[in-house]
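Any read-out appearing in this document is the output of simple, stated calculations on the displayed coordinates, not a laboratory observation. Computed from a prediction, not measured in an experiment: that's the story for all the values here. Glycine also receives a Cβ, built like all others from the backbone with ideal geometry; neighbour counts cover every protein chain displayed.
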Amino acid sequence: MAWHALTQSWAIPAALFGVIWGIFGGALPGISPSIAMALLLPFTYGMQPVVAVVMLAAVYVGAEYGGSIPAILIRTPGTNAAAATTIDGYEMNRQGRAGLALGISLSCGLIGGLFGLLMLIVMTEPLARVALAFTPPAYFALGVLGLSVIASLSGGSLLKGLIAGVVGFMVATVGTDPVSGVPRFTFGEPDLLTGIRPILVMVGLFAVSEMLIQVTEPDWTKTEQSGMRLEFPDWKLWKRLVPGQAIGCAIGTFEGVTPGAGGTVAAFMTYNEAKRWSKHPEEFGKGSPEGVAAPECANNVVTGSALVPLLSLGIPGSNSAAVLLGGFLIHGLSPGPMLFERTPDVVYGLYGGLLVANALMFIVGLIILPPCLWLVNRPKPYLIAFILALIFAGVFSIHQSMFDIGLVLGFGLLGYAMRHLDLPFLPMVLGVVLGHMVESNYRRSLVLSGGDHTIFLQDPVSLGLLIASIALMSYTIVRERRAAKQTAGVT
Amino acid sequence: MQAFRFLVLTFACAALAIGPGQAQNKYPVSTVTLVTHSSPGSGSDVFLRELIRHLGPEMGVSFVVENVRGGSGATAVAKVARGPADGSMFYATTPTYIQTTLLSKPQFGYDSLDPLVTVFFDPEVIFVRTESPFRSLKDVVAYSQKNIGRAKWGAANPGSLERIALERMSKLLGARAAIVTHEGGGDLLINVLNGTLDIGVGEIQEVSSQLEAKKVRLLASLTDQRIQTLPDLKTAKEEGVDLVVTKFRGLAGPKGVPDAVAAQWEAAMKKVLAKPEYKAVYEKENLIVALKGRAESRSFTTAFAKEVETTLRDLGVVK
Amino acid sequence: MTLSRDAIAGAFVAALALGYWLVADDIPRSLLADAVGAEGVPKVLGILLGALGLALIWRGIRRVGERGADRARWRVHARAMGLLAVGLGYIVVIPWLGFAVTTALLIVVAAVYAGRPLGRDLVLIGAVSGAVFWFVFAKLLSVSVPPGSWTGLWMGS
């Protein structure tokens, strides 16, 4: 039936168009997956429901993958979720292994996408129950678990990592207060009432500051030709990548299902766990292929599993899912418990469309990656000029706001200062992404319990997650201490 | 490339479908832009696009919906306030633009626009999950008065009309209920469905799919009279809780739009609302027709803003 | 004596923490607030960041000389800030010149600033890119980009 719905209509060309635009949009810093989808939404009004929904879902799949391309090539995540990929991806690029890094992110993205789709098809019922089990204290604990990753992203200095994390948290407090509704840190600026979107922080910190640094340095040395060809891992390397991908599949499924931070946190947590369980943890941060495979797999799993709460409960768990919900509503379909009974053809069409979209993502990736590798080897002045122009146009299209471009430049300046003062970015990214979730659910829980903090220990999900975060954090700190002592002993 | 041509084609078809038809009284411009602060696919956006499908042929005008987000509506208001006053640009109003004006005092507030028409009221309802012991609003009242400080009620957003309504209800009953706010209707729904909250308040279409699947039950509507499409649902007033939440949907333009244009809008709206095809659409969404012309919309908006302002000041949210 | 980088960073951080705390202290109290309040979490963050900043200063002072601040780097920083100024220029100019022209201008100016000689090629690339950007964003994606006030003059309205 799914096949029938697909072949009869324009669904496959629409999926192709969606994937291409998704990769393009995802690769552009400033256009997040949800923005890429929202920009196409008006074009779907005249389409058949299945075609429209498949096209939007294809954009989502393409964009989550596309974000890794600039992360590897120019150390700038195109999407929030690709931030974790910059660590080892860009390092591999510097070592002349950009082609291999891109090959790994493409193939692991495909595996992640297919696994997420499988979970969506066979596990919707039980996974929807997981989504419902999350009460405010549990969400608070989930946020804390995400923040505990800061300990291992601090690049050697826990003190500096914590500083960056707290600054990120501060950025997240800008906007309307989640409980009382009073404006905080908005300075009378209506553009700040809805808060600062993480994508703006990300684009400023990574992309703009990279341009500021690049303009002060001489033209880069050409990467060796061998690294400039797209390359896939051989069997031996592939076996090494499997554990990280398995971790990515598990964490991606879980994070995707629980409405909240989604792909970004999934990627960071997977990176952290892949490092913990790897046979070569010392290579992480120094160009480890596992450090690319694991997060890229995880954030593509989310493209499937994030649809679980949307389809089964009618509740969008992320901005991207909210845009897809819009795509359903426009065509008079309301996702939720009745969707499967009322319009099964749309649901099966969507499953089929996601499968096609993942396959197309791989093929389109094969075609566009070589020109991408060629493009980043153009003269640097052109690259700087075009990247700036693309960032500005992309950021502007989110809200048609010049204020946002100003914000991005401000964060660029901050990023530049942080680089010169050795403050790490990644903990700040986590703070920005998770701060709001942690604060609002902390206060929501206390409203529920009448100010009693034991509510966090009474809720079983919350208790489990809190114990897990304490255990993971202390393990990491002990390990980093030991590693630091060892290197100190050697030199 | 083929996919792209196909896109252009469908778009052209859509444009044709809403292209000019016959009109007795010619509208001064051929294209009208409706600006909304909500994002594509959200409630008000879908509402506008549905409206123009029926309104286009009636007025002999082609409509464009433009989503100008940012600034919680302030950006969109500013755009329209500075726009042409010849009837070619209007802003789709909801209570949000009044609240944003009061909360952040932007350069262009709600009073820099001139209300044109008011079309619908969105009915608000109190709902519980199906497993809940509460069968009527009276049960909720009884429980909250017996267990003071123990009741848990939820609203979608912190500064929303629903939140303010719950605060008033808690004060009215002396219940000192814990009022929990969320990041939108979806979050609220999860906490009602998993039993964290006793009741939730929201727009009826936000729970419609759960309602159909019999996962939630409606207890009362926060309207003046019973909702026509749900004749069995009692109003809160009938249950002894004097609480009405008015969420309106309408249009407002820059100052100086001629009265003749406003009259044309009112007349066209009246006809469209009576069309059976459109009626089916808005009745499915349980929207309440509240057509008001220009003069009435002006006084309604002023009164509404004053009421919200007083409440926000009483609650200490604005100085 | 040269201050260590950590000490400078710590001073910045502590100053930021103080400023943030002061703004947080100024958040109006609302009757809708919970026990923690709108300013509760921010104040804790401010104090936490202040303490971390002081710790960083302390560490910097203890390790004086280990890694001196970059002295002759001001020229480098000025060059980076120049590119930032080009970006700010974009925001200032776009309401007048409109999206297409400003984009073209940005590409030319940024490339020249980054070391490309100004020539016919570059101007041509800039002009073509401006048009392509405008086509993709304004036409294909129907983003309402600023048309620029000169178009109004030109069309005589």
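Observations, loosely collected:
- Rg and Dmax [Cα atoms of region A:2-490; Å; Rg one decimal, Dmax integer]: 21.5, 68
- Looking at chain B, the DSSP beta bridges with both ends there are about 60 percent antiparallel.
- Size of region C:5-62 from its Cα atoms: along the principal axes, largest to smallest, the extents are 47, 15, 9 Å.
- Alpha-carbon spread of region A:47-173, three principal axes, descending order, Å: 51, 44, 26
- Within 10 Å of the Cβ of each residue in A:159-168, the mean number of Cβ atoms contributed by other protein chains is 6.
- Per-pair calculated FRET efficiency, R0 = 51 Å: B:Glu238 and C:Ile91 via Cβ, rounded to 0.05: 0.35
- Shielding score for A:295-303, defined as the mean number of other chain Cβ atoms within 10 Å: 0
- In chain C the Cα-Cα distances spread across 10 Å bins starting at 0 as 10, 20, 18, 18, 24, 9, 1 percent of all pairs.
- Antiparallel beta bridges, as assigned by DSSP with both residues in the protein assembly as shown, represent about 60 percent of the total such bridges.
- Chain B: Cα Rg divided by the 2.2 N^0.38 Å rule of thumb: 1.06
- Separation between Cα centres of region A:9-44 and region A:113-140, rounded to whole Å: 25
- Relative contact order computed over chain A (Cα-Cα under 8 Å; 6+ residues apart), in percent: 29
- For the peptides B:236-245, B:194-203, A:184-193, the ranking by mean Cβ contacts within 10 Å, running from highest to lowest, is B:194-203, A:184-193, B:236-245.
- Remark: relative contact order (chain C) = 24 percent; criterion is Cα-Cα distance under 8 angstrom and separation of 6 or more residues.
- Ordering C:Met81, A:Met211 by the number of other Cβ atoms within 10 Å of each residue's own Cβ, fewest first, gives C:Met81, A:Met211.
- Listed pairs B:Lys171/B:Lys247; B:Lys255/B:Lys284; B:Lys234/B:Lys279; B:Lys138/B:Lys247; B:Lys215/B:Lys306 exceeding 27 Å between Cα atoms: B:Lys255/B:Lys284; B:Lys215/B:Lys306
- Projected label points at B:Ala295 and A:Trp238, each 7 Å from Cα along the beta carbon direction, are separated by 8.0 nanometres.
- Using Cβ point charges alone (K and R +1, D and E -1), the dipole size of the protein assembly as shown about the Cα centre works out to roughly 1460 debye.
- Residues whose placed amide H lies under 5 Å from that of C:Ser4, excluding near-sequence neighbours: C:Gly65
- Degrees separating the helix B:2-17 axis from the principal Cα axis of chain B, which is the longest one: 90
- Percent of C-alpha pairs per 20 Å bin, the protein assembly as shown, short to long: 13, 47, 34, 6, 0
- Helical runs assigned H by DSSP (4 residues or longer) give chain B a calculated mean residue ellipticity at 222 nm of -13000 deg cm²/dmol, each run adding -39500 (n - 2.57) before division by the residue total.
- Highest mean packing comes first when the peptides A:130-140, A:295-305 are listed by Cβ atoms within 10 Å, giving A:295-305, A:130-140.
- Between helix B:294-314 and chain B: long-axis angle, C-alpha atoms, 0 to 90°, nearest 10: 40
- With Cα atoms, 0 to 90° folded angle of helix B:161-173 axis to chain B main axis: 30
- Pairs of lysines in chain A whose Cα atoms sit within less than 15 Å of one another amount to 4, provided the residues are eight or more positions apart or on different chains.
- A protection proxy built from the mean count of other Cβ atoms within 10 Å ranks the segments A:462-469, A:14-21, B:50-57, A:245-252, most packed first, as A:14-21, A:245-252, B:50-57, A:462-469.
- Modelled FRET efficiency - R0 41 Å, A:Arg481 with A:Trp374, Cβ distances, 0.05 increments: 0.40
- Within chain A, helix-based [θ] at 222 nm, where runs of 4 or more DSSP H residues each add -39,500 (n - 2.57), nearest 500: -23500 deg cm²/dmol
- Within 10 Å of each Cβ in B:183-196, the average number of Cβ atoms from other chains: 6
- Förster-model FRET efficiency, 41 Å R0, B:Arg150 and A:Val130, C-beta, rounded to 0.05: 0.90
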